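Remarks on the structure that follows.
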Amino acid sequence: MTTDPVKDDLHTVFSRADLGGDDRLDLMEFTMALESLGLSWTRAETQDRFERADLNRDGFISYAEFRTLLDARD
Ligand SMILES: [Ca+2]
């Protein structure tokens with residue numbers, strides 16, 4: 001339970017995009033998450049953000065990495 005609606009929304013977006021249910025997003029799932037946030041990045045931008053967001057370079061975006069990416073956006 002949290003009182004932070006933005007955090008709740010982000011977690012909902014993350015969970016819905018996480019089709020594999022493994023608490024991490026691959027590039028396709030990551031793209032879906034961005035689309036549901038209304039972020040219209042090109043394929044190249046999405047790929048670039050994905051690689052930047054993947055801080056531990058495991059090829060997937062964890063929720064912590066997802067949060068870090070979105071907290072850092074302008
Ligand atoms: Ca990662």
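Key figures for this structure:
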{"read-out": "Unmet criterion (only one of (1) within 16 Å of the ligand (Cβ to nearest atom); (2) modelled with pLDDT of 90 or more; (3) open to solvent by 70 Å² or more (accessible area, probe 1.4 Å)) for T31", "value": "(3)"}
{"read-out": "In the range 26-67, residue farthest from V13 (Cα to Cα) [restricted to those that are touching a helix residue (DSSP H, G or I) at 6+ places or on another chain (Cβ under 7 Å) and among the β-branched types (V, I, T)]", "value": "T46"}
{"read-out": "Residue pairs meeting the criteria (Cβ under 7 Å; at least 6 apart or on separate chains; first assigned to a helix (DSSP H, G or I), in the range 53-64; second of a type in the set (A, V, I, L, M))", "value": "A53/I61; A53/L69"}
{"read-out": "Meets criteria (modelled with pLDDT of 95 or more, within 16 Å of the ligand (Cβ to nearest atom), under 14 Å from L70 (Cβ atoms) and more than 12 Å from the chain's Cα centre (by Cα)) for L55", "value": "yes"}
{"read-out": "Flag if L69 is assigned to a helix (DSSP H, G or I) and either aromatic (F, W, Y) or open to solvent by less than 50 Å² (accessible area, probe 1.4 Å) (or both)", "value": "yes"}
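The values are calculated or read from the model by the stated rules, or taken from the named source; none is laboratory data. Because the structure is predicted, anything quoted here is derived from the model rather than measured. Because the Cβ atoms are built from the backbone with ideal geometry, glycine has one as well, and the counts that use them run over all protein chains shown. To get the accessible areas, we keep the full protein, side chains included, count just its heavy atoms, and leave off ligands, DNA and RNA. Shrake-Rupley method; radii C 1.70, N 1.55, O 1.52, S 1.80 Å.
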